[in-house]
Amino acid sequence: MNPWLMLVLAGLFEIVWAIGLKYSEGFTRPTPTTITIAAMAVSMWLLAQAARTLPIGTAYAVWTGIGAVGAALLGIMLFSESANMTRLACMTLIVVGIVGLKLSTPG
């Protein structure tokens, strides 16, 4: 599988586990806890596979960026978290950084 595709999938699974932390209520609810832990494992495995080819600094930054922006957007949609212009602008900067890393990294 393409390392960039694995990295994007790893980031999507990071979003799942980040949101799962909220739903698990401190790992006190069995089903959300199970989903969260499974998503963590898949996310880490995919990140590790992508990092076999991609530079670790790039892979880690992209992985955390996808997770951060995705979790923030879902926080806005699911938990009524703030969607002020400063927050949205900062998320946009993270996305610009992710795209910049992709464009400047071979693989």
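The values are calculated or read from the model by the stated rules, or taken from the named source; none is laboratory data. Keep in mind the model is a prediction, meaning the values are calculated, not measured. Backbone-built Cβ (ideal geometry, glycine too); neighbour counts: all protein chains shown. Heads up: the accessible areas ignore ligands, DNA and RNA and are worked out on the full protein's heavy atoms, side chains in. Shrake-Rupley method; radii C 1.70, N 1.55, O 1.52, S 1.80 Å.
Of all residues being assigned to a helix (DSSP H, G or I) and open to solvent by less than 40 Å² (accessible area, probe 1.4 Å) in the stretch 90-107, which is nearest to F13 (Cα to Cα)? Just the residue, please.
I98
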Tell me, which helices (runs of 4 or more DSSP H) wholly within the stretch 1-89 include 1 or more residues that are among the polar types (S, T, N, Q) and closer than 17 Å to T105 by Cα?
30-51, 56-79
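Quick one: which residue in T86, T64, T31, T92 is at pLDDT 95 or above and within 13 Å of the chain's Cα centre (by Cα)?
Going through T86, T64, T31, T92 in turn, the sole match is T64.
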Just checking, does the stretch 75-87 include any residue being touching a helix residue (DSSP H, G or I) at 6+ places or on another chain (Cβ under 6 Å) and either crowded, with 17+ Cβ neighbours inside 10 Å or in contact (Cβ under 8 Å) with a residue 12 or more places away in the chain (or both)?
no
